[in-house]
Amino acid sequence: MYPKLSRRLRALMIDSLVLVVVVAFSIAVGTSIGLKNDVYQSALILMPIILFEPVLVSLTGGNVGHHLMGIRIRKVGANKKINIFQALVRTFFKLFLGVPSLIAILTSKKRQAVHDFLSVSLVVVKDPASLPGYEVLDERTESLDYKYPGKVRRLVVVGVYLLLSMLFASMISFFQYRSCVLLGRFAVSWKVLCSF
């Protein structure tokens with residue numbers, strides 16, 4: 001049994017908040033011990049970001065958000081936790097690909113994101129009986145009554161959608177920057193409004 005995308009997104013939001021607190025705590029620790037070296041300060045910030053998820057996922061089967069949402073990360077074909085190497089691969093691609101990686105959940109048979117495919121893992125509901133029926137999804141099966149588009153066509157459509165989304169976001173950023181530069185020449189107060 002697999003969780004809905006909305007449940008996974010809620011877990012991601014919780015994990016993001018927890019990670020902010022962990023990074024802030026590590027910065028506070030670095031400040032309190034008087035760390036002055038830039039390399040050590042950078043490491044103190046990056047280590048929680050890089051290791052927080054893989055360590056928790058490999059040891060407990062999920063992050064704080066996963067546990068609060070009642071979902072776990074398991075190996076494909078086995079009801080076992082993934083190892084640290086799989087968790088590192090999963091985290092790397094999750095950070096690299098970001099939220100667009102989750103789009104694959106809508107089309108994959110076992111409701112896997114791209115980072116799940118690449119790490120040979122899947123996200124399952126820990127106790128399906130504890131959740132309402134609409135929150136628990138079965139493995140996707142193709143209906144015999146409906147002719148689905150081919151996988152290549154589905155991937156092309158998703159790719160074009162992502163490309164157009166990035167193009168649209170780039171255009172908005174360009175025009176925002178351009179208007180700030182043009183208006184910034186005439187009014188000093190626009191510098192404050194247009195600062196990034």
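The values are calculated or read from the model by the stated rules, or taken from the named source; none is laboratory data. Values in this document were obtained by computation on a predicted structure and should not be read as measured data. Cβ coordinates were reconstructed from backbone atoms using ideal geometry, including for glycine residues, and neighbour counts include every protein chain displayed. Remember, those area values only see protein heavy atoms, side chains included, never the ligands or the DNA or RNA. Shrake-Rupley method; radii C 1.70, N 1.55, O 1.52, S 1.80 Å.
Surrounded by 18 or more Cβ atoms within 10 Å (Cβ to Cβ), closer than 27 Å to residue 52 by Cα and either touching a residue at least 40 places away in the same chain (Cβ under 8 Å) or more than 16 Å from the chain's Cα centre (by Cα) (or both): which single residue out of 90, 111 fits that description? Can you show your working first?
Numbers: 90 fails: either touching a residue at least 40 places away in the same chain (Cβ under 8 Å) or more than 16 Å from the chain's Cα centre (by Cα) (or both).
Selected residue: 111, the only one of 90, 111 that is surrounded by 18 or more Cβ atoms within 10 Å (Cβ to Cβ), closer than 27 Å to residue 52 by Cα and either touching a residue at least 40 places away in the same chain (Cβ under 8 Å) or more than 16 Å from the chain's Cα centre (by Cα) (or both).
Based on what the data block shows, is residue 47 under 19 Å from residue 116 (Cβ atoms) and surrounded by fewer than 18 Cβ atoms within 10 Å (Cβ to Cβ)? The answer is no for residue 47. Within the stretch 114-134, the set of residues being without any contact (Cβ under 8 Å) to a residue 24 or more places away in the chain and either crowded, with 17+ Cβ neighbours inside 10 Å or under 20 Å from the mean Cα position of the chain (by Cα) (or both) comprises 114, 117.
Screening residue 74 on (1) assigned to a helix (DSSP H, G or I); (2) modelled with pLDDT of 90 or more; (3) within 20 Å of residue 123 (Cα to Cα) shows it passes everything except condition (1).
Within the stretch 65-87, at least one residue is more than 28 Å from residue 128 (Cβ to Cβ) and open to solvent by 70 Å² or more (accessible area, probe 1.4 Å). Evaluating residue 98 against the criteria (1) on the phi < 0 side of the Ramachandran plot; (2) loosely packed, with under 13 Cβ neighbours inside 10 Å leaves one unmet condition, (1).
How about the stretch 91-196: which helices (runs of 4 or more DSSP H) wholly inside it have at least 2 residues that are at pLDDT 75 or above? Give the derivation first.
Values: elements: 114-118, 151-184, 189-193.
Passing ranges, in order: 114-118, 151-184.
From the list 16, 26, the lone residue that is among the polar types (S, T, N, Q), open to solvent by 20 Å² or more (accessible area, probe 1.4 Å) and at pLDDT below 90 is 16.
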